[in-house]
Every structure is written in C-alpha cells, then in structure tokens.
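> Below: one structure in structure tokens.
The values are calculated or read from the model by the stated rules, or taken from the named source; none is laboratory data. None of these values were measured; they are calculated from a predicted model. Neighbour counts are summed over all protein chains in view; Cβ atoms, including those assigned to glycine, are modelled from backbone coordinates with ideal geometry. Calculation scope for accessible area: heavy atoms of the full protein, side chains included, ligands and nucleic acids excluded. Shrake-Rupley method; radii C 1.70, N 1.55, O 1.52, S 1.80 Å.
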Amino acid sequence: MFNFLDSKLVPKVVCRTPATDNYEVDNLISNKYIDKIRGFISYSAIKPPVEVEFEFICPVNIHYIIINTTVGNQKCSGIELLAKKQNSDYISIGKCIYENSGIVFCNSRKYSNTQLPPNCDTSFHLAFFKSHTFQHFLNAQSIKIIIFRTEKSVPCIGSVEVWGIPSKSCSKLTVNTIGKLATGSKKEISGSTSESNSEEFKIPEDFKDDLTYELMTIPMTLPSGKTIDQSTLEKQIESEKSFGRKPCDPFTGIKFNETLKPVINVGLKSRIDMFVLQNSHRSELFNHKRILGGTSNNDFINTKKRTYCSDDSDLEKALSEAKRNANFKTFTYDEKETNTCIMCKSLFSFLYKIPCDHFYCRQCLLTVSRNLECVICKKAFSTKDVKKCYF
C-alpha cells in the first residue's frame, strides 16, 4: 500500500478558507518536515463548516484514511468524508462525531474493531466507510474533508494519510510508475521509459499556449482565434488592470464584451486531458498541473464573465480595481493605504486593519486586542471586524 498524500506522489490540495499565518493547508502535503508538523489551522474568525479537498495522482482503491484533528489546543470533533471518481460528483462515504484526538475511516471488508489498520493510532476513533458507496472509495480520484464541528476552537487538521493501492482501472504502467515514485527512483522511471520508447517525446503544437508555448490545462479561445491557457489569460487581465485598462485580447487589443469574449475550448480540453492521461508516466509531465474540482464549463465561464467583459461606462470601477492591485504604483501618499504599522512604524508585506482604518502588525494587534480599543483614535472594535490586508 501507499500513502497517496505523500509528497513523492505529487498530490494536490485546495481549501478556500483563509488560514492562520504559517498554518496553511499546503502544510498537509509538504515535503518539508517543519511545515508538515504544523498542520492546518483556519483563520481565528472562521467557523465550521470548512472544506479541504485533495486530488490524487491516479484513481485510488482506498483502504483507510487517518485524520489527526488536533493541532495544539485546537481540536475538531465532527468530520464528514466525501469521495468522487472520474466524471462524477462528490458523495458522502463517511460521517462521524467523536471525542478522540483523531479519526480513522476504513473499509469494513478489510478491517474491524479487532483488526485495526496498520500504523493506526489506537487512541483515534475508528469509523467505517458507508458500504453502499464502495464504487467511490474503491475508485477515488479525489476526496473532500468537511470539518462541521469543533471543540470551542477554530477548524484545524494536524495531518492526513490516505492509504490504499491504485484502482483496477489503472494500467500496469501507471501502477509501476507509482511504485517507483513512492520509492523515489525518478531516474529509474525516466531511464525505463526512454528504453521502451526510443522516439523523442513531443507535445502536439495545438496543445501549447500561443503566448507561453507551454502545455495548456484549460484552453481558452480568444476573439482573435488564438488559444491560451486560463492561467495565462488571468495574468494578462491582472496586468491590464494594474495599468487601469480593461480586459482585452493580447493579440489584437480588442476589448472583451458580451459578444467578443474568451470561451473555453471544450473539445481541445478533452483531447489534452486524454493526452496527459495516456502519457502520465512521462517524466516531462510529472510537474504538469491538473484541475481539481467538478466545476462545469458553463459555471467556469459565468464566474469569469465579470472579469472578461465590461462596458465603457465602467472606467471608474476599473480604475478603483487597478488601485487595489498589488502591482499598481502611485506617486501620491495616502495614509489609509500605507504598509507601515501605526504603532511600531515598521514596514510589512501585510497588516491588519481595524474599522477605524488604522493598520497594525500582528504583534501590535495582539497588544491592542487586550482592550479592543484603537490606541490612536480610541475607537472600540471587535475581533470579527479585523481584516488582513496585503501590500
């Protein structure tokens, strides 16, 4: 068996909930021991539910999942586990309320209360997958952990391990590749694939971004007919906003509107996904990013519509968005938009703003929070009104 959240097997993780500094969700799959032992703690003002989503390198036959839900004095007591296979939606495969410091979900056909999973902490609560959901946990492409209850603390996860084997839908080549990745023999993988296929590996030209000339993940066709990756398009739009300009086609300069706008190339995306799947053993694609989540194409286009399309009457709105952009440079001084702490006068990349528009660093904010009163204007505030601002 393998732990498919081992950093050697390049898992992916996503959490849309803000985290406490240095306790980001990426710690759960980090290859650095110092980061991994910190775990994940959501921001102090966050309340359940909190969702954390993991994607695996291939479909997995999950035998058991170990979740440590205690980080320091923070503790969770209610966890729901969801899984999904390729081309399907998430379904709940387990849910439990417990009092222990962690929980273990496992396949009841392989383990029981008397026969525990290996490497399992006996102090953790033991729960079992729902038997009627076997099609999802025997062929899981990704899982989602929902923290819906805590013990008078913020949602947190100390560590997560997903133990299992590649599902039966995986080819022998994929299984061998995963075994070699888990043992760290990346050179061996590269050597064996080059011997089995003497031809030079080439990425089809129409799969490459017309701007960056790299393999695309979400191909977006522009009004000019050119195709670029969604991440490239977003960077280009952000660059335009930093200069106060509206989103436009980078090849022609034509501004996006309701009729002239980027659209996702569904057919090309399907071909790229198939190409990546068939060549997943190639060392050239080890670092190629994959898409996490089940958002449909229509939902994707609708969420980006406001960014891609705008009217000429929206100039003032575009300028205000440009001023908020981190790359925007101004030659005028605004006391409300300084990156200097109002107390210690030190410069920081991010500060905390209270309702009276005064900025404090983390250390000074802890001092001010004792009385919940601004030391400058003496106005009272509550902890839920504190906002984190980046500069």
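> Take the residues in the range 347-391 that are acidic (Asp, Glu) and more than 16 Å from residue 44 (Cα to Cα), then tell me which one is most open to solvent (accessible area, probe 1.4 Å).
373
> Let me ask you something else. Scan the range 71-112 for residues that are among the polar types (S, T, N, Q), in a strand (DSSP E or B) and open to solvent by 40 Å² or more (accessible area, probe 1.4 Å) and report the count.
Total satisfying the criteria: 1.
> Same structure again: Just need a number here: residues in the range 132-180 that are in contact with a His (Cβ under 7 Å, 6 or more places away or on another chain) and within 25 Å of residue 34 (Cβ to Cβ).
Residues flagged as in contact with a His (Cβ under 7 Å, 6 or more places away or on another chain) and within 25 Å of residue 34 (Cβ to Cβ) within the range 132-180 amount to 1.
> So, in the range 137-169, exactly how many residues are out of contact with any helix residue (DSSP H, G or I) (no Cβ under 8 Å at 6 or more places or on another chain), over 12 Å from residue 63 (Cα atoms) and either in contact (Cβ under 8 Å) with a residue 12 or more places away in the chain or crowded, with 19+ Cβ neighbours inside 10 Å (or both)?
The number of residues fulfilling the criteria is 18.
> Restricting attention to the range 275-293, which residues are assigned to a helix (DSSP H, G or I) and either of a type in the set (Phe, Trp, Tyr) or modelled with pLDDT of 85 or more (or both)?
The answer is 275, and nothing else.
> Filter the range 213-234 down to the residues that are hydroxyl-bearing (Ser, Thr, Tyr) and either under 13 Å from residue 261 (Cα atoms) or open to solvent by 20 Å² or more (accessible area, probe 1.4 Å) (or both) and list them by number.
The answer is 213, 221, 224, 227, 231, 232.
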